[in-house]
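The values are calculated or read from the model by the stated rules, or taken from the named source; none is laboratory data. What you are looking at is a predicted structure, and each value in this text was computed from that prediction instead of being measured. Here Cβ is always computed from backbone atoms with ideal geometry, including for glycine, and neighbour counts include all displayed protein chains. Remember, those area values only see protein heavy atoms, side chains included, never the ligands or the DNA or RNA. Shrake-Rupley method; radii C 1.70, N 1.55, O 1.52, S 1.80 Å.
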Amino acid sequence: MQISHNEVENYLESIQPKLSETHQRLENFALKTDFPVVGKVVGNFLSQLVLLTNSKLIFEVGSGFGYSAFWFARNLPENGKIICTDLNPKYKEMATESFLEEGISEKIEFCVGNGLTILEEQTEKFDLILLDCDKYLYPKALPIAKEKLKLGGLLVTDNILRVKKKKVPQKINPYLETYRKMLLESEEFHTTILPLKDGIGLSYKIK
Ligand SMILES: C[S@@+](CC[C@H](N)C(=O)[O-])C[C@H]1O[C@@H](n2cnc3c(N)ncnc32)[C@H](O)[C@@H]1O
C-alpha cells in the first residue's frame, strides 16, 4: 500500500527538529538493526500531541528501547509521567541508560512484560495511550485501552494502515482491518486516520 509519495516523505523527514545526541543514537541503532521505531515525522507529531491534549500521564504498549518515549518526553511537563512497556528486558536496559543520559528518567517508568496486562493492572486513567505492539493484538487492546483512558483522552495507534516489514504483512492485515472497523464503528471514540508514514490512528474518547 503506497501511502504517500517518496518525495513528500523525504521532505517531511528533512524538516523535523534536530534530535539530542542520545535520541539520535537510538534512531541510528534502529536504522542499523532495521527496528521499526516511529521515526522523526510521527515522533514529532507525538510530541505535539502532548501539547494539544495537555497530557500528563501517558502509557505506551510496545516501547522498544524508548525512542517514541523520548519524543513524548520533549513536551511533557515536569510533573508528567510516561509508563513504557515491552516484552524484551534488554530494551528496558537500553532505554533506562538513555533516559538517564538525557536527564529524563524521573519522567519515565519502564515495565517489562505484556503491555496489555500491565495496562489492565493500572489504577490510574491516562491522557494518552500509544498502541505500537504486535499488530495481531490490536483488536484485543481496544477495550482495555478504552477502559484505561480518561474521558477526552486520546488513543494513538501506529501502523493502523500497514506494516512495512517484508515477512508479516499478509498475516497482519486482517487484524488491522478488524481493528479499524472496530474503531470506526465505535460510538465511544471519534477516530481519524492520518496517512503519516504507516498510518496513525487518532481516537478521541467521547464516552
Ligand atoms: C514497533 S516496536 C515499538 C517501537 C517504539 N514504539 C518506538 O517507536 O520507539 C514494537 C515493540 O513492541 C514490543 N511488543 C510486542 N508485543 C508486545 C506486548 N504484548 N507488550 C509489550 N510490548 C510488546 C516488541 O518487543 C517491540 O519492541
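Have a look at 70, 65 and point out the one that is modelled with pLDDT of 95 or more, assigned to a loop (DSSP other than H, G, I, E, B), of a type in the set (Phe, Trp, Tyr) and within 9 Å of the ligand (Cβ to nearest atom).
Every option except 65 fails the conditions.
Taking residue 78 as meeting all but one of (1) of a type outside the set (A, V, I, L, M); (2) within 23 Å of residue 144 (Cβ to Cβ); (3) more than 16 Å from the ligand (Cβ to nearest atom), write down the number of the exception.
For residue 78, the exception is condition (2).
Any residue at all in the stretch 182-189 that is more than 27 Å from residue 5 (Cα to Cα), open to solvent by less than 30 Å² (accessible area, probe 1.4 Å), of a type outside the set (A, V, I, L, M) and in contact with a strand residue (DSSP E or B) (Cβ under 9 Å, 6 or more places away or on another chain)?
There is at least one residue in the stretch 182-189 that is more than 27 Å from residue 5 (Cα to Cα), open to solvent by less than 30 Å² (accessible area, probe 1.4 Å), of a type outside the set (A, V, I, L, M) and in contact with a strand residue (DSSP E or B) (Cβ under 9 Å, 6 or more places away or on another chain).
Mind counting the residues in the stretch 95-116 that are under 22 Å from residue 78 (Cβ atoms), without any contact (Cβ under 8 Å) to a residue 60 or more places away in the chain, within 12 Å of the ligand (Cβ to nearest atom) and in a helix (DSSP H, G or I)?
Qualifying residue count, the stretch 95-116: 1.
State the number of residues belonging to the stretch 24-60 that are surrounded by fewer than 14 Cβ atoms within 10 Å (Cβ to Cβ), within 12 Å of the ligand (Cβ to nearest atom) and assigned to a loop (DSSP other than H, G, I, E, B).
1
Got a sec? Which of 105, 98, 20 is modelled with pLDDT of 95 or more and crowded, with 22+ Cβ neighbours inside 10 Å?
Every option except 98 fails the conditions.
If you check 161, 154, 119, which single one turns out to be more than 13 Å from the ligand (Cβ to nearest atom), buried (at least 18 other Cβ atoms within 10 Å of the Cβ) and not in a strand (DSSP E or B)?
Every option except 161 fails the conditions.
What number goes with the only condition from (1) open to solvent by less than 60 Å² (accessible area, probe 1.4 Å); (2) in a helix (DSSP H, G or I); (3) within 13 Å of the ligand (Cβ to nearest atom) that residue 146 does not pass?
The one condition residue 146 does not meet is (3).
Going through 140, 171, 167 one at a time, which residue ends up being farther than 13 Å from residue 200 by Cα, of a type outside the set (A, V, I, L, M, F, W, C) and at pLDDT 95 or above?
Within the list 140, 171, 167, the selection yields 140.
With the requirement that a residue be part of a helix (DSSP H, G or I) and either closer than 14 Å to residue 194 by Cα or in contact with a His (Cβ under 7 Å, 6 or more places away or on another chain) (or both), what does the stretch 1-11 give you?
Once the filter is applied, which keeps residues that are part of a helix (DSSP H, G or I) and either closer than 14 Å to residue 194 by Cα or in contact with a His (Cβ under 7 Å, 6 or more places away or on another chain) (or both), the stretch 1-11 yields only 9.
Answer yes or no as to whether residue 87 is open to solvent by less than 10 Å² (accessible area, probe 1.4 Å) and near the ligand (Cβ under 9 Å from one of its atoms).
Considered against the rule, which asks whether it is open to solvent by less than 10 Å² (accessible area, probe 1.4 Å) and near the ligand (Cβ under 9 Å from one of its atoms), residue 87 comes out as no.
Of (1) part of a loop (DSSP other than H, G, I, E, B); (2) more than 9 Å from the ligand (Cβ to nearest atom), residue 133 satisfies all except one. Which?
Residue 133 satisfies all of (1) part of a loop (DSSP other than H, G, I, E, B); (2) more than 9 Å from the ligand (Cβ to nearest atom) except (2).
Considering each of 29, 59 in turn, give the residue that is within 29 Å of residue 116 (Cβ to Cβ) and under 16 Å from the mean Cα position of the chain (by Cα).
Exactly one of 29, 59 is within 29 Å of residue 116 (Cβ to Cβ) and under 16 Å from the mean Cα position of the chain (by Cα), namely 59.
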